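**Student:** Starting off with a structure, shown below.
Please treat every number below as a calculation from the coordinates, not as lab data. All values derive from a computational prediction rather than experimental measurement. Note: ideal-geometry Cβ built from the backbone for every residue, glycine included; neighbour counts use all protein chains shown.
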Amino acid sequence: MRAISVTEYGGPETLRVADVPEPVPGRGQVRIRIEAATVNPVDVAARAGYLAPLAPDLPLGLGLDAAGVIDAVGAGVDRLAVGDKVIGLRDWLPMPTGTHAEAIVLDADAVTHAPRTVDAAHAATLPLNGLTAFQALDLLDLPAGASLLVTGAAGAVGRFAVELAALRGLRIVAAASAADETDLRKAGAEFFIGRDEPLGATVRNLVPGGVDGVLDAAGLGIRALDALRNRGEFVAVNGGDVVPVNLRGTRVRNVWFRADAGQLAHLVSLVDAGRLSLRVADVLPLEDAAKAHTRLAEGGLRGRLVLTP
Ligand SMILES: NC(=O)c1ccc[n+]([C@@H]2O[C@H](COP(=O)([O-])OP(=O)(O)OC[C@H]3O[C@@H](n4cnc5c(N)ncnc54)[C@H](OP(=O)(O)O)[C@@H]3O)[C@@H](O)[C@H]2O)c1
């Protein structure tokens, strides 16, 4: 089958479609014939070598989530069957091929039935970033009525976080580019802050004393922590140097996505009920993966780039 994996670290020009053996599902696993797979910042980071501390061996598969149709089922799987339209998330990084391929084998626990109301390209945008936003909100564990700052609110994780936080009854301060204000207010943000405004001071003008929680999807670090009240909850999504220290009794943690078919099925039900929206910036063939990496790294996209094998 055709697949794109990291075989050497470098720029987008290193990406090549290769012929690799088709994976075979083992016990408790299913094989998905992929129809659509998203390109995420993690793929750009993996290609450039930044994921080496987490997954040191090459080849390293690219692509974490996908939508497609099950075409083989291992022993012991009864919830899913050949022919089912599904979405799934690869959360085990050291795999030689990922979802930027014609097929992937995943544990059945990482796979659930696709939303009925959207096409495969839109469905593929849900698992990684929908689950990351959901799990970040679980970590924050704020009660209804509490205030939450979401930075990078127009991005993939951020916008899911805004819609999901609104469903949890949180009062949302969204930080993004000025052009995103109308969309984010529609998604549930009560307050909006443009990225050029001083974050901490502006939030504290809107919410005296600071917000109860921060979900820092833009990786603003200490500047986002400035908006948090004393003893508030802070969740970073991109790890590394930008995770701030826990000043003023705040609790600072990092979310790390994990596959969870039950949570994913819940998100699917929200999509089908029209309560969670999915955004596609463009759909490209697998052969254009290098173009997709370049466009993603340039920033400014609204919705995800999707590859079709
Ligand atoms: N820990 C985990 O489990 C996990 C899971 C998924 C993703 N991530 C990481 O989370 C981060 C976000 O991922 P993503 O897919 O949501 O990326 P994304 O779609 O590119 O979203 C990031 C957003 O932040 C915005 N932004 C950048 N600087 C800003 C600022 N100063 N103020 C307001 N907004 C700003 C960007 O706007 P522009 O596009 O206009 O620049 C973009 O909309 C990435 O680092 C990704 O690797 C981590």
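**Student:** Taking other Cβ within 10 Å of each residue's Cβ, how do PHE234, PHE257 sort, fewest first?
**Tutor:** PHE257, PHE234
**Student:** If you don't mind, another one. Please list 3J(HN,Hα) in residue order for the range 261-268, calculated via the Karplus relation 6.51 cos²θ - 1.76 cosθ + 1.60 where θ = phi - 60°; whole Hz, with x for glycine and proline.
**Tutor:** 4, x, 5, 5, 4, 4, 5, 4
**Student:** Which value in Å is the Kirkwood Rh of the chain over different Cα pairs? Mind showing how you got there, number by number?
**Tutor:** Values: mean 1/r = 0.0508 Å⁻¹.
Final number for the Kirkwood radius of the chain is 19.7 Å.
**Student:** Return a whole-number percent for the relative contact order of the chain, with Cα pairs under 8 Å and 6 or more residues apart as the contact set.
**Tutor:** 19
**Student:** Tell me whether the range 161-202 comes out rounded, prolate or oblate; compute the Cα gyration tensor, take square roots of the eigenvalues as a ≥ b ≥ c, and use a/c under 1.5 as the rounded threshold. If you can, show how the numbers build up before the last one.
**Tutor:** Details: a/c = 2.86, a/b = 1.55, b/c = 1.85.
Since a/c reaches 1.5 but b/c is at least a/b, the shape of the range 161-202 is classed as oblate.
**Student:** Ok, one more. What number, rounded to the nearest 500 deg cm²/dmol, is the helix-based mean residue ellipticity at 222 nm of the chain, given -39500 (n - 2.57) per DSSP H run of at least four residues and division by all its residues? It would help to have the intermediate numbers written out before the result.
**Tutor:** Values: 9 runs with 80 residues, N = 309.
Roughly -7500 deg cm²/dmol at 222 nm, from the helical runs in the chain.
**Student:** Here's a follow-up. Please report, in debye to the nearest 20, how large the charge dipole of the range 129-254 is about its Cα centre when each Lys and Arg carries +1 at its beta carbon and each Asp and Glu carries -1 there.
**Tutor:** 280
**Student:** Ok, one more. For the range 6-99, which GluC sites (Glu not before Pro) pass both filters: DSSP loop (anything but H, G, I, E, B) and at most 12 other C-beta atoms within 10 Å? Intermediate results must be reported in sequence, preceding the final value.
**Tutor:** Values: sites: GLU8, GLU13, GLU35; in loops: GLU8.
Hits after loop and neighbour filter: GLU8.
**Student:** To one decimal place, what Kirkwood hydrodynamic radius in Å is obtained for the range 129-254 from all pairs of distinct Cα atoms?
**Tutor:** Details: mean 1/r = 0.0733 Å⁻¹.
Hydrodynamic radius (Kirkwood, Cα pairs) of the range 129-254 is 13.7 Å.
**Student:** So if each residue of separation counts as 0.36 nm, and I subtract the Cα-Cα distance between TRP256 and ARG275, what length gain in nm does that give?
**Tutor:** Stretched out fully, the TRP256 to ARG275 stretch lengthens by 4.4 nm.
**Student:** Another one. Place a label point 7 angstrom from the Cα of GLU22 along the Cα-to-Cβ direction, then list the residues of the range 64-83 whose backbone nitrogen is under 19 Å away.
**Tutor:** 67-75, 81-83
**Student:** Okay, moving on. In nm, to one decimal, how far is the ALA144 label point from the LYS291 one, both placed 7 Å along Cα→Cβ?
**Tutor:** 4.7
**Student:** Order 163-176, 145-158 from most to least packed using the mean count of other Cβ atoms within 10 Å. Don't jump to the answer; show the numbers that get you there.
**Tutor:** Values: 163-176: 22.4, 145-158: 25.3.
Listed from highest to lowest mean packing, they are 145-158, 163-176.
**Student:** Report the relative contact order of the range 129-254, percent, no decimals, based on alpha-carbon pairs under 8 angstrom and at least 6 residues apart. Could the numbers behind the result be given before it?
**Tutor:** Details: 289 pairs, mean separation 28.3, N = 126.
About 22 percent, as a whole number.
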